[in-house]
1. List the residue pairs whose Cβ atoms are under 8 Å apart, where the first residue sits in segment 105-126 and is under 16 Å from Glu32 (Cα atoms) and in a strand (DSSP E or B), the second is open to solvent by less than 60 Å² (accessible area, probe 1.4 Å) and of a type in the set (Asp, Glu), and the two are 6 or more positions apart or on different chains.
2. Among the residues of segment 114-130, write down those that are of a type in the set (Phe, Trp, Tyr) and either over 23 Å from the mean Cα position of the chain (by Cα) or surrounded by fewer than 19 Cβ atoms within 10 Å (Cβ to Cβ) (or both).
3. What tally of residues in segment 33-50 results from selecting those that are open to solvent by 60 Å² or more (accessible area, probe 1.4 Å) and at pLDDT 95 or above?
4. Can you name the number of the only condition in (1) within 28 Å of Glu237 (Cα to Cα); (2) modelled with pLDDT of 95 or more that Pro155 fails?
5. Among the candidates Val149, Val173, which residue alone is without any contact (Cβ under 8 Å) to a residue 40 or more places away in the chain, in contact with a Lys or Arg (Cβ under 8 Å, 6 or more places away or on another chain) and of a type in the set (Val, Ile, Thr)?
6. Hey, can you tell me all the residues within segment 256-267 that are under 22 Å from Asp176 (Cα atoms) and either surrounded by fewer than 17 Cβ atoms within 10 Å (Cβ to Cβ) or touching a Pro at 6+ places or on another chain (Cβ under 6 Å) (or both)?
7. Would a scan of segment 44-63 turn up a residue that is touching a residue at least 12 places away in the same chain (Cβ under 8 Å), assigned to a helix (DSSP H, G or I), closer than 19 Å to Gly145 by Cβ and out of contact with any helix residue (DSSP H, G or I) (no Cβ under 7 Å at 6 or more places or on another chain)?
Amino acid sequence: MPLAALFLASSAAAQTFGPATFYAPADWPALERIAQQVPAFSGFTVSEQQGKGVVLPTLTDPKQETALRAALNADPYWQKRLAGWNMGQGVIRMKTPVSRLLDVARRVKQERPNATLRIDTAFGKVRLNAPAAYTRELAAKLRTGDLLVDNSWKPLPKFSYDVQPRQVSLKFVGDDPRHAIPDLRVTVKNLGDGPAGLALYCGTLPVHVITEKGEATPPVNLFCPDILDVRLLQVGETRTFSSFSFSNLKKLRPGRYAWLVGKEKFPFVLTK
C-alpha cells in the first residue's frame, strides 16, 4: 500500500477525508481541467496542521495558489470532492506538474490498455500494478524517467534526528514507561529531495539508551500493538515528537550514556 494511503489509514485523518492523492483513469479529466487553467498544478498531498490530518494542494510554483483555489472552487467535480476533505492552509511545492503525470499515465495506457494505473500526487508518480522488474522495463521503453513506478515503490528516506534533553536526573524518572522521562522528545527532518514516510511506534519515535562503550542497557516492560503508523514529511519539513525510552533508566547508575535513534547517537548525562 502506498505510504500516503498508510498515512490516511493510520491517523485521525482517515476519519475526516478519503484518499486525496490517488487518481484512477476516471478522475484524469478532472485533473486535466485544472492543469489546463493552472499549469503549476501538481495535485494534492496529506500533512498535519495543529495535530490534525489535512489535505493540501501542491504546485510547482506556489505563487499560483490563488489561481488554483479559484479554479478548484469553480469546478463542480472539485467542489464536491473537496467538501469531503479537511483542507489545510497553504500549499506544498512539488517538482512535477500533474500534466506530466497525465502524459506518462496515458502513454502507459496506450501501450498496455489493460494496465491498472493510479496517479499518485503525494509523491509525483504514476503507479502501475505490476512487478517491479516489468515496470522498470516498461519505463525504459516509454522513456518515462523515474515517474513510472510499481505499487510497492517507496522513496529511500533521508532523515536527520535530534534528541533532547541531554541531562536527566534519576530523581525525576517515573514508573510509567511511556512517560518516565520528562520532556523527552525527538526532532526529525526530511533531508531528501522528495516526500518521505516516517514510521512510528506507539504513535511516536522511541529511543534506546546505550553506554559510552555502545553496550545495551536493561529494557522496560512495554508492549505496543503492532499497528502500522506512518507520517508523511515533505522536503525540508521538521517535526518534533514526544518520546519514550525502551531502556529502563531506573536500573542505570549515574554517568554518561547516549540516546540511540536508528544508528544515530546523542550523548547525555544521567545524574542522581
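The values are calculated or read from the model by the stated rules, or taken from the named source; none is laboratory data. No experiment lies behind these values; they were computed from the predicted model shown. Cβ sites come from the backbone with ideal geometry, for glycine too, and all protein chains shown count toward neighbours. Side chains included, ligands, DNA and RNA excluded: accessible areas come from the protein's heavy atoms. Shrake-Rupley method; radii C 1.70, N 1.55, O 1.52, S 1.80 Å.
1. Sorted first by the residue in segment 105-126, then by its partner, the pairs are Ile119/Asp27; Val126/Asp120.
2. If the condition is that a residue be of a type in the set (Phe, Trp, Tyr) and either over 23 Å from the mean Cα position of the chain (by Cα) or surrounded by fewer than 19 Cβ atoms within 10 Å (Cβ to Cβ) (or both), then no residue fits.
3. Number satisfying all stated conditions: 4.
4. (2)
5. So the residue among Val149, Val173 that is without any contact (Cβ under 8 Å) to a residue 40 or more places away in the chain, in contact with a Lys or Arg (Cβ under 8 Å, 6 or more places away or on another chain) and of a type in the set (Val, Ile, Thr) is Val149.
6. Correct list: Ala258 only.
7. No, segment 44-63 has no match at all.
A quick yes/no check of all residues on (1) touching a strand residue (DSSP E or B) at 6+ places or on another chain (Cβ under 8 Å); (2) within 28 Å of Val230 (Cα to Cα):
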residue	(1), (2)
Val54	yes, yes
Leu59	yes, yes
Asn73	no, no
Tyr77	no, no
Arg100	no, yes
